[in-house]
Amino acid sequence: MTADVLVVGASAGGLAVAEGLRRHGFTGTITLLEREREPPYDRPPLSKQVLDGRWPPERAQLRTGAELDALGADLRLGAEAAALDVPGHRLTLRDGTVLGYRTLVLATGLHARRLPGRPPVAGAYTLRSLGDSARLRAGLLAARRVVVVGAGVLGCEIAATARGLGREVTVVEPAAHPLLGLLGPALGAELAALHTEHGVRLLTDTPATGLTGEAGRVTGVRTASGAVLPADAVVVAVGGRPATDWLAGSGLTLDDGVVCDDRCRAAPDVYAVGDVARFGAGPGTRGVRLENRTNATEQGLYVAAELLGAARGPYRPVPYVWTDQFGTRIQVHGTVPAGAAVRIAEGSLRERKFVAHAVTGGRLVGVVGWNSPGRLRTARALLTAVAPAPAPPSTTATTPTTTLTGDP
Amino acid sequence: MSAPQEGATLEIAVDEDRCVAAGHCVVAAPEIFDQREEDGVVVLLDPRPPATAQDTVREAALLCPAAVIRVLRAPS
């Protein structure tokens, strides 16, 4: 059979493609392939409401059964893509099924990255899927000492949830601050203080080199200095790698993601959206890959519009990331690049309720809200869209290396 | 028989407990959605807006990063 639009991956991005097409009145056939056996679900709750038990896992589902039926798409769960023939417009599934398409959209997302050198052992976890969340929850409940490797959004949220469950929590992070890439050093230090106050032992400047184990069970995390941090459960949250292994040899350009032009097109009749897509690539630029929930939806909707000739220009999103930790809601519109000057524009650091502006080269590039969601929305309009080729951090800027200037 | 068409409204609902306060709904459909000042959680200004709002409401529902907005009934 041949689908008019074949979407590989039915998480937020893939679902948005299908919904966007229908919303624009598209009446052709849509096939949605999903390698997992769960209907489309949302990932942000997996490290928070699902992990801490406030939500039953099924509450993470993105749509009801009736809503999925109304979509009029052929949703195939447990269908894993194995090979792609771009010129032939054919995709082969792991079980040998061959599917034809007129247009293909790749929305395969990420795989959790692991520490090099060691096979998984009991008591060691990564978190990407709903099943991972259930396994990690069981592991946390059974553990006394938990070590989280990596202080990115996922690692920090897991650490906060594990503390909330009453565990002893240590976080190890090679960088000098948690969430450094998202918040920059000054606000990263604020987040570090929040974790420390809540009893997290936060070890920054501490690369983890591997896990220690005994009889197939994890016993700790080894750090670059040779020290071993003992643990009953270890969560490795060191980022994701684009799920593109199956595309090797397809002829598509792969470079930490599926390389696309500024309209998210990877090849004739092939597009990519969400975490897996490196968009805006072109002569002299590697393009941008965004790993955030909002981008998955926005890019999915963009590609749906683009396929129907309704997109209003290249894809130029303003990135948006939020995280909830210890009851603190942090929201970032745009980016806080290395070396940006960060200044409190509203509220106060002391009260831990503020809006901060990040400025690079005289231009506002990021707005960070700290327990200030109501005030933040309008700030988004001040930001220009992410540049297709982010300039390297300027070393000649006259602004000092990341300043955090006082309460107004 | 000349009464206004009762069916010509939308019926929408929000699940405040899921809301992550992104504010995308307010940008998409400011006449239907607002945010609470204290925590940014969605406020549904009009649970039964006119059918003319259908497009922006659906846009808001699609853009919401936490699947908070449900269109319960729409004019066919």
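The values are calculated or read from the model by the stated rules, or taken from the named source; none is laboratory data. Because the structure is a prediction, the values reported are computed rather than measured. We place every Cβ from the backbone using ideal geometry, glycine too, and count neighbours over all the protein chains shown. Ligands, DNA and RNA are stripped out before the accessible areas are found, and what is left, the full protein with its side chains, is counted by its heavy atoms. Shrake-Rupley method; radii C 1.70, N 1.55, O 1.52, S 1.80 Å.
Before moving on, here are some points about what is shown:
- Close Cβ contacts (under 8 Å, 6 or more residues apart or on different chains) running from residues in region B:26-39 that are within 7 Å of chain A (Cβ to nearest Cβ) and modelled with pLDDT of 90 or more to residues that are surrounded by 15 or more Cβ atoms within 10 Å (Cβ to Cβ) and assigned to a loop (DSSP other than H, G, I, E, B) comprise B:Gln35/B:Ala21; B:Gln35/B:Gly23; B:Gln35/B:Val41.
- Of all residues making up region B:50-76, the number that are within 8 Å of the chain's Cα centre (by Cα) and not in a helix (DSSP H, G or I): 3
- Cβ-Cβ under 9 Å pairs, at least 6 apart or on other chains, region A:303-319 side at positive phi, far side part of a loop (DSSP other than H, G, I, E, B): A:Gly313/A:Asp262; A:Gly313/A:Arg263
- Scanning region A:69-92 for residues being aliphatic (A, V, I, L, M), open to solvent by 50 Å² or more (accessible area, probe 1.4 Å) and either part of a loop (DSSP other than H, G, I, E, B) or in contact (Cβ under 8 Å) with a residue 60 or more places away in the chain (or both) gives a total of 2.
- Breaking point among (1) within 12 Å of chain B (Cβ to nearest Cβ); (2) open to solvent by 10 Å² or more (accessible area, probe 1.4 Å); (3) at pLDDT below 95, for A:Leu301: (3)
- Residue within region A:162-176 that is touching an Asp or Glu at 6+ places or on another chain (Cβ under 8 Å) and assigned to a helix (DSSP H, G or I) present: yes
- Of all the criteria given as (1) open to solvent by 30 Å² or more (accessible area, probe 1.4 Å); (2) farther than 18 Å from A:Leu110 by Cα; (3) within 11 Å of chain B (Cβ to nearest Cβ), the one not satisfied by A:Leu62 is (1).
- Identity of the residue in region A:1-21, surrounded by fewer than 18 Cβ atoms within 10 Å (Cβ to Cβ) and of a type outside the set (A, V, I, L, M, F, W, C), that ends up modelled with the lowest pLDDT: A:Thr2
- Some residue of region A:243-254 being touching a helix residue (DSSP H, G or I) at 6+ places or on another chain (Cβ under 7 Å) and either basic (Lys, Arg) or in a loop (DSSP other than H, G, I, E, B) (or both): yes
- Among the residues of region A:237-256, those identified as crowded, with 24+ Cβ neighbours inside 10 Å and either within 20 Å of A:Gly150 (Cβ to Cβ) or modelled with pLDDT under 95 (or both) are A:Ala237, A:Pro242.
- Residue within region A:25-39 that is within 22 Å of B:Asp17 (Cβ to Cβ) and open to solvent by 10 Å² or more (accessible area, probe 1.4 Å) present: yes
- Search result, residues across region A:158-190 that are open to solvent by 50 Å² or more (accessible area, probe 1.4 Å) and either free of Cβ contacts under 8 Å to residues at least 24 places away in the same chain or hydrophobic (A, V, I, L, M, F, W, C) (or both): A:Gly166, A:Leu180
- Of all residues making up region A:98-140, the number that are on the phi > 0 side of the Ramachandran plot and open to solvent by less than 40 Å² (accessible area, probe 1.4 Å): 2
- No other residue among A:Pro56, A:Pro40 is within 14 Å of another protein chain (Cβ to nearest Cβ) and in contact with a helix residue (DSSP H, G or I) (Cβ under 7 Å, 6 or more places away or on another chain) apart from A:Pro40.
- All of (1) without any contact (Cβ under 8 Å) to a residue 40 or more places away in the chain; (2) in contact with a Pro (Cβ under 8 Å, 6 or more places away or on another chain); (3) not basic (Lys, Arg) hold for A:Leu141 with one exception: (2).
- Yes/no for A:Asp95 being more than 18 Å from B:Val71 (Cβ to Cβ), assigned to a loop (DSSP other than H, G, I, E, B) and open to solvent by 60 Å² or more (accessible area, probe 1.4 Å): yes
- Among (1) away from every other protein chain (no Cβ under 12 Å); (2) over 17 Å from A:Ala304 (Cα atoms); (3) not acidic (Asp, Glu) - the single one A:Gln49 does not satisfy: (1)
- Condition met for A:Arg265 (basic (Lys, Arg) and closer than 30 Å to A:Phe26 by Cα): yes
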